[in-house]
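Sending over a structure as structure tokens; questions will come in a sec.
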Amino acid sequence: MFVRCVTKMDRQKFEQRCAIKFCVKLGESATVTYEKLQRAYGEHSLSRAQVFRWHKSFLEGREQVEDEPRAGRPSTSKTDDNVERVRSLVRSDRRLTLRMISSELNLNRFTVHQILTQDLDMRKVCAKMVPKNLTTEQKANRRDVCLDLLDRLEREPEFFSRVITGDESWILEYDPETKRQSREWHTANSPRPKKARMSKSKIKSMLICFFDSQGIVHKEFVPPGQTVNQTFYREVLERLRKRVARVRPGIERTWMLHHDNAPCHTAVSINEFLAEKNIPVVPQPPYSPDLSPCDFFLFPRLKNHLKGRHFGTLDNIQKSVTDELKGIPAEAFQHCYEQWKQRLRRCVAAQGNYFEGDNLDL
């Protein structure tokens with residue numbers, strides 16, 4: 001006769017089943033029972049499905065709290081000592097595979113998998129791609145810039161209504177659609193659809209676009225062969241200034257510019273031009289596309305609608321982009337600026353780190 005080795009996890013499960021049986025005898029519902037277990041055991045509590053299953057069994061007259069006996073030799077390798085050995089090994093190298101762990105500790109892979117998923121509540125996740133591994137100084141700079149902007153918004157609730165933000169980005173003649181975009185509805189017996197691998201097109205056009213909380217203010221396409229340097233960007237800003245006077249006369253003398261820290265944006269001649277025209281610049285922390293409306297809103301939205309389509313010529317690219325920009329409703333731009341405020345708060349809460357849930361076209 002084999003004696004079953006009882007782990008700490010097994011004891012907790014046994015205790016919780018006793019608690020479920022006790023609640024059933026008191027007439028508590030399954031939902032109330034689950035909530036009490038959550039408060040008592042926290043992350044180690046049984047799942048909702050397990051609580052409801054055991055609650056139903058006890059309600060139907062079951063008295064036994066232990067699992068039903070199972071055929072076969074019981075496992076003697078899932079012990080507290082082995083759980084701790086697996087925990088220590090994984091902490092030393094989180095990229096280890098099941099095969100490597102089982103070989104190192106002389107345990108079978110099924111036991112290792114159970115320890116990792118059940119006892120340690122672990123799962124293997126991919127690393128999150130971020131624009132840069134930020135230094136302590138860069139995190140502090142991000143946080144300080146966000147705090148300054150939030151303080152300005154607190155003092156001037158209409159501050160963002162005078163901010164015009166802009167940037168430039170390449171638009172491809174053909175950009176393959178994402179795997180999510182190519183999904184199709186099929187029955188379980190249908191053959192899986194096939195799609196040939198396509199490369200991005202070498203034909204492309206650079207878009208420069210500026211917008212505010214009301215919509216697009218100015219956009220233009222960089223002529224083929226033209227480099228966006230400080231000389232060209234100054235000409236763009238002059239055209240933007242005249243455009244603001246025509247389409248946003250209410251803020252002609254009070255509008256502010258927001259752009260990133262690209263060399264052509266921060267050149268001395270550009271700063272002199274903006275100072276001469278009395279156009280203040282809203283600060284943008286370096287390495288922060290998650291805090292730039294063009295990067296977290298406009299360009300991803302625009303490019304997602306253009307993916308998977310062949311345009312053939314530069315004229316067709318530019319016409320399609322223009323049509324897509326015209327089709328973005330004013331409510332979307334207003335929502336973008338509200339998102340901007342929320343992202344500033346989330347960056348402060350994260351102490352300048354990149355925060356979860358950002359969706360960037362990097």
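The values are calculated or read from the model by the stated rules, or taken from the named source; none is laboratory data. Everything quoted here is computed from the prediction, not taken from an experiment. For neighbour counting, all protein chains shown are included, and Cβ atoms are generated from backbone atoms with ideal geometry for every residue, glycine included. The accessibility values were calculated without ligands, DNA or RNA, using every heavy atom of the protein model including side chains. Shrake-Rupley method; radii C 1.70, N 1.55, O 1.52, S 1.80 Å.
Which of the trypsin sites (Lys or Arg not before Pro) found in segment 243-347 are loop residues per DSSP with 16 or fewer other Cβ atoms within 10 Å of their Cβ?
Working: sites: Arg243, Arg246, Arg253, Lys277, Arg301, Lys303, Lys307, Arg309, Lys319, Lys326, Lys341, Arg343, Arg345, Arg346; in loops: Arg253, Lys277, Lys307, Arg309.
In loop regions of segment 243-347 (DSSP not H, G, I, E or B), the sparsely surrounded trypsin sites (Lys or Arg not before Pro) are Arg253, Lys277, Lys307, Arg309.
Rounded to the nearest whole Å², what accessible area per residue is found for segment 266-353 with the 1.4 Å probe? Don't jump to the answer; show the numbers that get you there.
Numbers: 4150 Å² over 88 residues.
Solvent-accessible surface per residue comes out at 47 Å².
Which one of His44, Ala245, Pro289 is farthest out on the positive end of the charge dipole of the chain, using unit charges on Cβ (Lys, Arg +1; Asp, Glu -1) and the Cα centre as origin?
Farthest towards the positive pole: His44.
Of Gly225, Gly312, Gly327, which is the most mobile in a GNM of the chain whose springs link Cα atoms less than 10 angstrom apart?
Gly225
A follow-up question, please. May I have the convex hull volume per residue, in Å³, for the Cα set of the chain?
On the way: hull volume 90.0 nm³, N = 362.
In the chain, the Cα hull volume divided by residue count equals 248 Å³.
Continuing with this model, one more query. Counting pairwise Cα distances across segment 296-336, what percent come out greater than 14 angstrom?
50 percent
Taking 56 Å as R0, compute the FRET efficiency from the Cβ-Cβ separation of Asn353 and Glu324 and round it to 0.05. Don't skip to the answer; put the middle values down first.
On the way: r = 33 Å, r/R0 = 0.59.
So the FRET efficiency works out to roughly 0.95.
Specify the longest stretch of the chain that does not include any exposed loop site, a site being one of the GluC sites (Glu not before Pro) with a non-H, G, I, E, B DSSP assignment and at most 13 other Cβ atoms within 10 Å. Show your work: numbers first, answer last.
Details: sites that count: Glu60, Glu63, Glu66, Glu158, Glu184, Glu252, Glu356.
Result, exposed sites excluded: 253-355.
Now, a different point. When the helices in the chain are scored as -39500 (n - 2.57) per DSSP H run of 4 or longer and the sum is shared across all residues, what 222 nm value do you end up with, to the nearest 500 deg cm²/dmol?
On the way: 13 runs with 161 residues, N = 362.
About -14000 deg cm²/dmol.
With everything on Cα atoms, drop me the angle between helix 8-25 and the longest principal axis of the chain, reported from 0 to 90° to the nearest 10.
Taking Cα atoms only, the helix is inclined about 80 degrees.
Right, next: Each label point is 7 Å from the Cα along the Cα-to-Cβ direction; what then is the distance between the points at Glu66 and Asn106, in nm?
3.0 nm
Keeping the other protein chains in place, figure out the carbon and sulfur percent of the accessible area of the chain, with a 1.4 Å probe. Intermediate values should be presented prior to the final figure.
Working: 11180 of 22480 Å².
Taking all protein chains in place, the chain shows 50 percent carbon and sulfur surface.
Related question: For Lys204, which sequence-distant residues (separation of 5 or more, or a different chain) have an amide H within less than 5 Å of its own amide H, given hydrogens modelled in the peptide plane?
Glu173
Something else about it: Can you list residues whose amide H is under 5 Å from Val282's amide H, if they're 5+ apart or on another chain and H is modeled 1.01 Å from N?
Under 5 Å from the amide H of Val282 lie the amide H atoms of Leu257, His258, His259, each far enough along the sequence or on another chain.
Rounded to the nearest 0.05, what FRET efficiency do Arg234 and Arg94 give with R0 = 41 Å and r taken as the Cβ-Cβ distance? Could you check? Mind showing how you got there, number by number?
Working: r = 50 Å, r/R0 = 1.21.
E between Arg234 and Arg94, to the nearest 0.05, is 0.25.
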